[in-house]
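Data first, discussion second: the structure below is written as structure tokens.
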Amino acid sequence: MSMKIVITLAAVVLMCAARTSAHHAFAAEFDSNKPIKLRGTVVKMEWINPHTWIHLDVKTPKGTVERWMIEGGPPNALYRRGVTKDSLPNGVEILVEGFRAKDGSLRGNGRDLTFADGRRLFVGSSGTGAPRDGRDKSEK
Amino acid sequence: MAIRSGVAIASLAVAGFMALPACGPPSSTSASSASSTTPRTAWGHPDLQGVWRYEGAIPLERPEQFAERASLTEKEVAERQQLEQEQAAKRLAGQEGAAVGRRSVAESPIRGNEYNSFWQDHGRPRQVSSRTSLITDPPDGRLPFTADARKAEARASARYGVGPFESYLDPDTGERCLTDGVTGMMWQGPNGGHNRIVQSPGYVTIMHEEYRDRRVIPLDGRPHGNIRQWFGDAVGRWEGDTLVVDTTNFLDRTNYEWANIWTRPSESLRLVERFKRIDANTMEYTITVEDPTTFTRPWTAVIPISKLSNDTQIYEYACHEGNYAMPNLLRGGRTDAARAASKVRRP
Amino acid sequence: MRAGSRVAVTVALVAALSACAPSGASQSTSYVAPRTADGVPDLNGVWQTLNTANYDIQAHPARPALAIIPATPRTGTPGLVRATHTDLPALALRPLGAVGGVPAGASVVEGDEIPYQPWALAKKKENAEHWLERDPEIKCFMPGVPRATYMPYPLQILQSTNTVLIAYEFAGTTRTIHLDTVGNSPSPSWMGWSRGRWEGDTLVVEVTDFNEDTWFDRAGNFHSDALHVVERYTPVSPYHLMYEATIEDPKVFTRPWKMRMPLYRRFDADAQIREYKCVEFVEQLMYGQLGVIDPATGAVNK
């Protein structure tokens, strides 16, 4: 029993050993003590690598609108899964869960992004589920 | 009419006469014999073209616990295969938090949990192999760092992602949207490490997706020049079906921060790379790194690289054009410094 | 013909072709470029333009600097009132002296007119007035198309069977021109998405899916994300390509318009593109004052 665990751990160690350097000074930009949960409308996308930037209009409880900048992950991987600018058009409503910028500004990272109806942004339950992921031949 | 035909003839004469170095005939170092099965370009060189990526799970260095073991047992390989399948399926379904025991954003430490993996290019399980390291020499499978470089690597590891960051010089070269260097280019990359190889008469061009790094490698047997560059000065030749690339004349960038010290160039760095197509979908890439500034002896790694489907693209990599992370982390640094200062002021 | 005379004819011919280069009249030339192994015209090589288009694609006189302030008109002392103002280099550029001056140059725009919509002409003028803050070239951003062609750095054309690469020296930018069928661009980009085809000896490249962030020159000429460029590369001698770029952008211009200029082959023995990794050169400018410490002085930033 203990032998099996050791071997499995070894396998895990081997597989995690390569640093997949995401180049992310996360702790320098964002505050783990400031989780955010925002519902907002996309007003602009910047398809920058390694971080997409999603500009979001968020209605506050007071009724004012705040303009947030949400940092996402790299877009190029999404392109190869069939995601395009049409997957996240201006005007669509999304939910963002992540962490706020250290300096308290209206910036945050978007770890978890979902559409308003609860569908995971960019990810489906089987395959990629993303529009234009190559599975629908009529989409061109 | 007569004038025009005269002009036409003279034009052809011009074309024939001038020895134009840039568009001369292919290199005199001949590429291989008819017995090889490597496909050929239209001008007869071995064809290495396509979009390539390392899709394996072998780490660069052999983990400590494997000591002198260069290979795993069959049982260990089978276990890894199963684990890899499970993890890949979970990543694809967006459940990687569950795969590693995390339950919610609030419960998770930031580092390593910044983004769900739908952002990363992990759509497929990685290839499992019995090898315990990409490094084949030295025999212990580990980087032969000098004492100074080992300290530098430990320091780089400790500060990676956390800082401190006092100025734009403190993040690593990747965070600055410069480059991650040449050494790991053919098998590493924070966004998936895709490389497109394009061949034209007299040149092999490698386009790395990250940072839009680009190497244009001449094959005409010219000597190395004397102008230093971040990517050095590469010259290539064919040895049979193998492309051999020799690169020197790197700029010294050891004073910059690097995510991985083993990729940092110095003036004494020399790389010898060998690209050999094994079959339609595999290339064997061998790199020998020699740099007395960082390593006590040369080291060699062999990496099996996979060819991706023909419609795979390298997309534009606009990094510096929107590097908001830089001002954000510098502002974060100022916030931290201000907080620390105010703690000192108010007991 | 004996070898010596053939050489003489050849030299004379090259000289003649260079002398009567862009007449603007016809595309057809009697020069037939050598073929690649794929049977298409061979455009491989290191090339560079030789003009002032990157300063201003329209005709322009020489001026003291890229950012100008008018000298304050002088009043007061009788007899010393100046009727016209004087253009002076902006303070930030003044120490450059003659190195910072702008040379005169002819237009590369056919007809020398850029058909801006009225709002866009005002915006171009505003861009020019705010050149120092706004020109993306200053920050080492990717220059877009066609500006990348006529920046003062060489480019290299690398032809494979279904792909042509254009490797630019400036900021290490590379364009992939697809000669075979390719899908659509997933998002807007700085250098656009390029599809190429041969029309006779001309490589025709359709470039789409631009973002709105590049300029055409240092004079504030700009476009929107509706930009569509059609480039034509035509070999006219072993040492010259004639380059044309037709610009179409219904959000900014009232009609399509065209630029035209030669590309000259760099045939010196060591001709190659080198690195110009200018991101490193602009970090102090962009980020020097943002961190705790300013690396230029070592002092704490206020």
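Every read-out reported here was derived from the displayed coordinates using simple, explicitly stated rules and does not represent laboratory data. Note that the structure is a prediction, hence the values are computed from the model and not measured. Reconstructed Cβ throughout: ideal geometry from the backbone, glycine too, with neighbour counts over all protein chains shown.
Values computed for the structure shown
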read-out	value
Leading residue at positive end of dipole, chain C (Cβ point charges), from C:GLN289, C:THR202, C:TRP131	C:TRP131
Karplus (6.51, -1.76, 1.60) ³J(HN,Hα), θ = phi - 60°, over region C:199-213, in Hz, Gly and Pro reported as x	10, x, 8, 9, 7, 9, 10, 9, 10, 10, 6, 7, 8, 9, 9
For region A:25-115: relative contact order, % (alpha-carbon pairs under 8 angstrom, 6 or more apart)	34
Top of C:ALA104, C:ALA71, C:ALA128 by mean-square fluctuation, Gaussian network on chain C, Cα under 10 Å	C:ALA71
FRET efficiency, C:ILE138 to B:SER130 (Cβ-Cβ, R0 51 Å, nearest 0.05)	0.45
Computed [θ] at 222 nm, deg cm²/dmol, chain C (DSSP H ≥ 4; -39,500 (n - 2.57); rounded to nearest 500)	-4000 deg cm²/dmol
Axial C-alpha extent at least 20 Å, average Kyte-Doolittle at least 0.5 - helices from chain C (DSSP)	C:3-19
Amide H within-cut-off set for C:ASP56, under 5 Å, with H built and near neighbours excluded	C:ARG218
Relative counts (whole %) of C-alpha pair distances in region C:88-141, using bins that are 5 Å wide	4, 14, 14, 23, 24, 13, 6, 1
Cα-projected label distance for B:GLU267 with B:THR146, points at 7 Å along beta-carbon direction, nm	1.3
Size of electric dipole in region A:25-115: Cβ of Lys, Arg +1 and of Asp, Glu -1, about Cα centre, debye, nearest 20	100
R0 of 30 Å, Cβ-Cβ distance C:SER224-C:VAL99: FRET efficiency to nearest 0.05	0.30
Chain C - percent relative contact order, Cα under 8 Å, separation 6 or more	20
Karplus 3J(HN,Hα) series, Hz, for region C:170-179 with 6.51 cos²θ - 1.76 cosθ + 1.60 (x for Gly, Pro)	5, 6, x, 7, 10, 10, 9, 9, 8, 8
Computed log₁₀ I(q)/I(0) - Debye formula, equal Cα scatterers, no solvent, region A:25-115, q 0.25 Å⁻¹	-1.38
Relative contact order %, region C:218-302, counting alpha carbon pairs below 8 Å whose residues are six or more apart	18
Label-to-label distance, nm, for residues given as C:GLU126 and A:ARG119 (7 Å Cα→Cβ offset)	3.9
Among C:GLU248, C:GLU129, C:GLU283, residue whose mean-square fluctuation peaks in a GNM of chain C (springs only between Cα atoms under 10 Å)	C:GLU283
Cα→Cβ-extended label distance, 7 Å offset, between A:LYS85 and B:VAL162, nm	4.0
Overall dimensions of chain C as given by Cα atoms, namely Rg and Dmax in Å	22.3, 79
